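Structure, as structure tokens:
The values are calculated or read from the model by the stated rules, or taken from the named source; none is laboratory data. The structure displayed is predicted, hence computed values, not measured ones. Quick reminder, even Gly has a Cβ in these numbers, built from the backbone with ideal geometry, and neighbours come from all protein chains shown. Ligands, DNA and RNA are excluded from the accessible area calculation, which covers all protein heavy atoms including side chains. Shrake-Rupley method; radii C 1.70, N 1.55, O 1.52, S 1.80 Å.
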Amino acid sequence: MCVRREVASTEGFQSFSTPVYRASTIVFPDAQSYRDRSLRFPDGYSYGLLGTPTTRALEGQLNRLAGGVRSVLVPSGQAAISVLMLTLLSQGDHVLIPDNVYPPVKQFAEEILRRYGVEFDVYDPVKLQSLGELIRVGRTKLVWLETPGSTTMEVCDIRSIVRVAKECGALTGCDNTWATSLFCKPLSLGVDIVAEALTKYVGGHSDVLLGALSFASMEVYVQVREQLANLGVGVSPDDCSLALRGIETMSVRLTHMQSIALEFAQRLRNRRGVARVIHPALPESPGHQFWRRDFHGSTGVFTIELQTRDTSLIDRALGCLELFAIGASWGGTRSLMAPMTLDGVRTYGTDHPGANYLRISIGLESPTDLWQDIERMLAVLQLESPE
Ligand SMILES: *Cc1c(COP(=O)(O)O)cnc(C)c1O
């Protein structure tokens, strides 16, 4: 027996939400158009893995925010970076990575790129002299940027890095997860490709993993789409629908988180137990001048360096938190803290050896309650801290 599907009329129906179009099979009107399906590449629909109207809607929104020619979606922020590098780099090529990069990127370079004969060097994102010295003309195909950097949050001089890379014929790619396209548009500063972990602020609710790449040129876009098809990497339209919902509130979430985070950062500056507050909008933070020049705002994540080196004291202090949860993958509605050390991770002294850091992500809880939580934590940290 053949089950025919009833198709409901959409007449008179209109809603704000983007429908979730799920598909593996894309149905073609006739045999000839099926035979010609490769002509639909790179933007059209030919197989569910390569996109449905839901994924295209999200790509379109992200691209408009980023100011690019196209965007593509991938299953995570890390996948955005790895797919891009696997697309652009071949045996014998060389890539430059900043010292304060999201740590799994260094690991990807060490464990995967090296295996495929791609060499990499780490450059100092603060003293750009090392960048010029490390570039290998003709072989350096990509200079990676992340600004602000992970944990130590140095804001780099995007424009100067782009200039150095362009002079040597290298492309530039920038991880823009912290600022999002609302607060920084690296493509408008000359960067060729922007990566973003939508897992963070776009998703915004700690329940979806997604990443995106946005491009200044059609050429790189087409290469990445081809690579995604070769790798068999696509995203779920259901996840995209969560990201589309997240985008609707991203601006108000970020505006709120920005003001609470900055206020807390300022209050923490003079507190016993806190050695240093690193927040790009504070004048003493590394690269603050570049933040002022290139960014339109700051978001909800900042770092404090603690005075104590006693990790059991830190663990006890974090154990007193009632509202802040302990965990990674910030950017959601719930506030988070994550203790970090950088020993053995950095090459250029962008960290303080032996230092303990706390990455703080401000969520949407009551700011008064959040601050009380921080006071509880500080009270423990101060027990054994010097004056
Ligand atoms: C979280 C994060 C990533 C990775 O995103 P996932 O979706 O978790 O893979 C990459 N870069 C930065 C700066 C991040 O914060």
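Dividing the summed helix terms, -39500 (n - 2.57) for each DSSP H run of n ≥ 4, by the number of residues in the chain produces a 222 nm estimate of -10500 deg cm²/dmol to the nearest 500. In order along segment 277-285, phi translates into HN-Hα couplings of 10, 10, 8, x, 7, 8, x, 7, 6 Hz, rounded to whole numbers, per the Karplus curve 6.51 cos²θ - 1.76 cosθ + 1.60 with θ = phi - 60° and x for Gly and Pro. As a calculated quantity, the FRET efficiency between SER38 and THR255 at R0 = 56 Å, using C-beta atoms, amounts to about 0.80. Probing with 1.4 Å while keeping every protein chain in the model, the per residue accessible area of the chain equals 46 Å².
Highest mobility in the GNM of the chain, judged by mean-square fluctuation with C-alpha springs under 10 Å and restricted to SER188, SER15, SER217, is found for SER15. Rounded to the nearest 10 square angstrom, HIS288 shows an accessible area of 20 square angstrom against a 1.4 Å probe.
You can think of it this way: the chain between ARG292 and GLU219 has 23.1 nm of extra reach, that is 0.36 nm per residue less the Cα-Cα gap.
Seen against the Cα atoms of the chain and their longest principal axis, helix 158-167 is set at about 60 degrees. Counting only other residues whose beta carbon sits under 12 Å from that of ASP30, what net charge do I get with K and R as +1, D and E as -1? Value of the local net charge: +1. When you filter the chymotrypsin sites (Phe, Trp or Tyr not before Pro) in segment 141-217 for DSSP loop state and at most 14 other Cβ atoms inside 10 Å of their Cβ, nothing is left. Against the chain, whose longest principal axis is taken from its Cα atoms, helix 218-231 shows a tilt of about 80°. Restricting segment 86-142 to trypsin sites (Lys or Arg not before Pro) that sit in a DSSP loop and have at most 12 other Cβ atoms within 10 Å of their own Cβ leaves LYS127. You can think of it this way: the chain between VAL20 and ARG5 has 3.6 nm of extra reach, that is 0.36 nm per residue less the Cα-Cα gap.
Expressed as a whole percent, the accessible area of the chain that falls on carbon and sulfur atoms is 51 (1.4 Å probe).
Between the amide H of THR177 and those of ALA197, distances stay under 5 Å, these residues lying 5 or more places away or on another chain, with hydrogens modeled in the peptide plane. Residue by residue, segment 253-261 carries 3J(HN,Hα) couplings of 4, 5, 4, 5, 4, 4, 6, 5, 4 Hz when phi is fed to the Karplus relation 6.51 cos²θ - 1.76 cosθ + 1.60 (θ = phi - 60°); x denotes Gly or Pro.
Under 5 Å between amide hydrogens, built in the peptide plane, is the criterion, and for TYR123 it picks out ILE97, ASP99 among residues at least 5 positions away or on other chains. Close amide H contacts of THR172 (hydrogens built in the peptide plane, cut-off under 5 Å, sequence separation of 5 or more or a different chain): VAL143, ASP192, ILE193. Estimated at 0.36 nm per residue, the fully extended path between VAL27 and THR311 surpasses their Cα-Cα distance by 96.4 nm. Rounded to the nearest Hz, the phi-derived 3J(HN,Hα) couplings of segment 121-130 under the Karplus curve 6.51 cos²θ - 1.76 cosθ + 1.60 (θ = phi - 60°) are 10, 9, 10, 7, x, 9, 9, 6, 3, 4, where x marks glycine and proline. Between PHE13 and ARG136, the distance separating the two model label sites (each 7 Å from Cα on the Cα→Cβ line) works out to 5.8 nm. Which trypsin sites (Lys or Arg not before Pro) does segment 267-312 hold that lie in a coil by DSSP with at most 14 other beta carbons within 10 Å? Counting only loop positions with at most 14 other Cβ atoms within 10 Å, the trypsin sites (Lys or Arg not before Pro) in segment 267-312 are ARG269, ARG272, ARG309.
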